[in-house]
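Student: Can you read through this structure? Questions will come right after.
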Amino acid sequence: MSIAARNEPLVLGFETSCDETGVGLVRGQTLLADALATSMAEHERFGGVVPEIASRAHLEAMVPTVHRALAEAGVQASDVDAVAVTAGPGLTGALLVGLAAAKAYALALDKPLYGVNHLAAHVAVDELQHGRLAEPSMALLVSGGHSSLLLVPDLAREVRSMGRTIDDAAGEAFDKVARVLGMPFPGGPPIDRAAREGDPTAIDFPRGLTGPRDAPYDFSFSGLKTAVARWVEARQRAGEPVPVADVAASFQEAVADVLTAKAVRACRDAGIDHLVLGGGVAANSRLRALAEERCAAAGIVLRVPSPRLCTDNGAMVAALGSRLVEAGIPPSAPDVGADSSLPIEVVTR
Ligand code: KG4
Ligand code: ZN
């Protein structure tokens with residue numbers, strides 16, 4: 001590491017908004033550690049994340065995960081210059097565990113604490129791989145908990161909502177459709193795999209909110225999910241086999257089509273030529289390919305972090321914390337609380 005890099009602040013980041021306990025260490029824009037524990041398997045039989053189980057798992061995983069992150073980065077806790085933590089949006093009980101841990105470390109180390117927005121952190125993480133974000137950029141965040149289109153004039157100070165889902169999140173639709181098809185939770189990866197063998201044009205599933213009078217940047221996946229369930233049920237009632245690969249491919253195509261069309265349109269309308277993808281669904285192979293194709297055709301530079309950094313992790317929170325330190329943003333109050341529905345406009349609270 002260069003001497004200049006050593007002068008950059010070392011930020012410890014905590015992420016506990018859902019079922020991943022993430023602890024990351026970032027120096028400037030350099031990723032040093034990304035330690036993760038997950039309670040995903042404990043939620044599988046319920047078909048979705050159970051908040052109480054997630055909170056308890058965070059509590060058990062927290063200290064060992066911090067120790068792993070420090071060891072991975074080869075630093076001591078006393079080297080840390082600032083602490084960042086997801087303050088929302090997310091599951092309140094789960095957020096509280098991360099906040100309590102972050103406050104304890106900040107207090108014990110006598111370092112500033114930044115309570116940050118989870119969605120802005122999903123955008124910030126891309127800087128660890130692709131360098132400084134062009135500003136303004138557009139960001140499409142798609143996961144099990146969110147589907148948002150964001151305009152980012154200044155990641156440390158100003159993030160605006162362009163649109164969001166009015167019902168299910170994109171990842172939630174993947175999870176529910178996977179269930180209908182008898183696949184495990186979370187449903188994104190098995191659908192992605194099955195779709196490779198299927199025909200994306202086999203079934204013409206509906207594209208939500210794409211009519212001329214519909215909100216151009218909002219999403220809706222609940223109608224699509226129901227359409228898939230009805231289609232599968234009709235086949236089963238008729239005693240015919242369900243062509244799983246074709247259903248998976250056609251469903252995935254409908255999601256990728258709507259997401260990329262709306263993101264590209266938002267870029268065009270706002271005159272923005274940089275698009276960042278984030279969230280667990282950004283790991284989807286068809287979404288990545290179609291985004292690549294449509295951005296290239298529209299002259300938009302596409303940035304997508306590696307799948308590991310797209311899903312929830314502590315490094316993304318540390319990355320945003322580092323940005324805030326660099327921008328001279330004042331730290332949060334020591335008693336900063338959790339806000340399960342923290343608005344996207346609030347980058348730090
Ligand atoms: O960001 P994430 O790890 O957690 C939050 O929900 O915040 O996203 C998890 C979601 C799940 O719904 C999962 O099914 C979806 O991301 N996912 C995928 C893929 N990998 C994960 N969806 C589609 N294709 C994938 N390859
Ligand atoms: Zn997330």
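Read the figures in this text as sums done on the coordinates, not as results from a lab. For clarity, every value in this text was computed on a predicted model and none was experimentally measured. Quick reminder, even Gly has a Cβ in these numbers, built from the backbone with ideal geometry, and neighbours come from all protein chains shown.
Student: Can you tell me which of (1) within 14 Å of ligand 1 (Cβ to nearest atom); (2) touching a Cys at 6+ places or on another chain (Cβ under 7 Å) is the one LEU302 doesn't meet?
Tutor: It fails just one condition, (1).
Student: Let me ask another. Being among the small types (Gly, Ala, Ser) and within 16 Å of ligand 2 (Cβ to nearest atom) is the filter here; which residues of segment 38-61 pass it? Before the answer, list the steps.
Tutor: Here is the first cut: in segment 38-61, the residues among the small types (Gly, Ala, Ser) are 39, 41, 47-48, 54-55, 57, 61.
Result: SER39, GLY48, ALA54.
Student: Okay, moving on. Condition first: crowded, with 20+ Cβ neighbours inside 10 Å and either within 10 Å of ligand 1 (Cβ to nearest atom) or of a type in the set (Ser, Thr, Tyr) (or both). Now tell me which residues in segment 193-205 satisfy that.
Tutor: Within segment 193-205, ALA195 is the sole residue that qualifies.
Student: Among the residues of segment 240-263, are any surrounded by fewer than 24 Cβ atoms within 10 Å (Cβ to Cβ), on the phi > 0 side of the Ramachandran plot and in a loop (DSSP other than H, G, I, E, B)?
Tutor: Looking through segment 240-263, none of the residues is surrounded by fewer than 24 Cβ atoms within 10 Å (Cβ to Cβ), on the phi > 0 side of the Ramachandran plot and in a loop (DSSP other than H, G, I, E, B).
Student: Okay, moving on. Out of everything in segment 178-192 that is in a helix (DSSP H, G or I) and more than 20 Å from the chain's Cα centre (by Cα), what residue ends up being surrounded by the most Cβ atoms within 10 Å (Cβ to Cβ)?
Tutor: VAL180
Student: If you go through segment 87-118, how many residues are away from ligand 1 (no atom under 16 Å from the Cβ), surrounded by fewer than 20 Cβ atoms within 10 Å (Cβ to Cβ) and touching a residue at least 40 places away in the same chain (Cβ under 8 Å)?
Tutor: 4
Student: For LYS262, which of the numbered conditions (1) touching a Phe, Trp or Tyr at 6+ places or on another chain (Cβ under 7 Å); (2) over 22 Å from LEU95 (Cα atoms); (3) within 14 Å of ligand 1 (Cβ to nearest atom) fails to hold?
Tutor: Among (1) touching a Phe, Trp or Tyr at 6+ places or on another chain (Cβ under 7 Å); (2) over 22 Å from LEU95 (Cα atoms); (3) within 14 Å of ligand 1 (Cβ to nearest atom), LYS262 violates only (3).
Student: Scanning segment 13-56 for residues that are surrounded by 23 or more Cβ atoms within 10 Å (Cβ to Cβ), more than 16 Å from ARG308 (Cβ to Cβ) and hydroxyl-bearing (Ser, Thr, Tyr), which turns out nearest to ligand 1 (Cβ to nearest atom)?
Tutor: By that ranking, first place goes to SER17.
Student: For segment 260-288, how many residues are away from ligand 2 (no atom under 16 Å from the Cβ) and in contact (Cβ under 8 Å) with a residue 24 or more places away in the chain?
Tutor: Summing the residues that are away from ligand 2 (no atom under 16 Å from the Cβ) and in contact (Cβ under 8 Å) with a residue 24 or more places away in the chain in segment 260-288 gives 17.
Student: For segment 57-68, enumerate the residues that are among the charged types (D, E, K, R) and buried (at least 16 other Cβ atoms within 10 Å of the Cβ).
Tutor: Across segment 57-68, the qualifying residue is only ARG68.
Student: Further question: Being under 25 Å from PHE185 (Cα atoms) and either more than 17 Å from the chain's Cα centre (by Cα) or of a type in the set (Val, Ile, Thr) (or both) is the filter; apply it to segment 126-165 and report the residue that is nearest to ligand 2 (Cβ to nearest atom).
Tutor: First, the residues of segment 126-165 that are under 25 Å from PHE185 (Cα atoms): 140-148, 164-165.
Filter again for either more than 17 Å from the chain's Cα centre (by Cα) or of a type in the set (Val, Ile, Thr) (or both), leaving 142, 165.
Numbers: VAL142: 9, THR165: 14 Å.
So the residue we want is VAL142.
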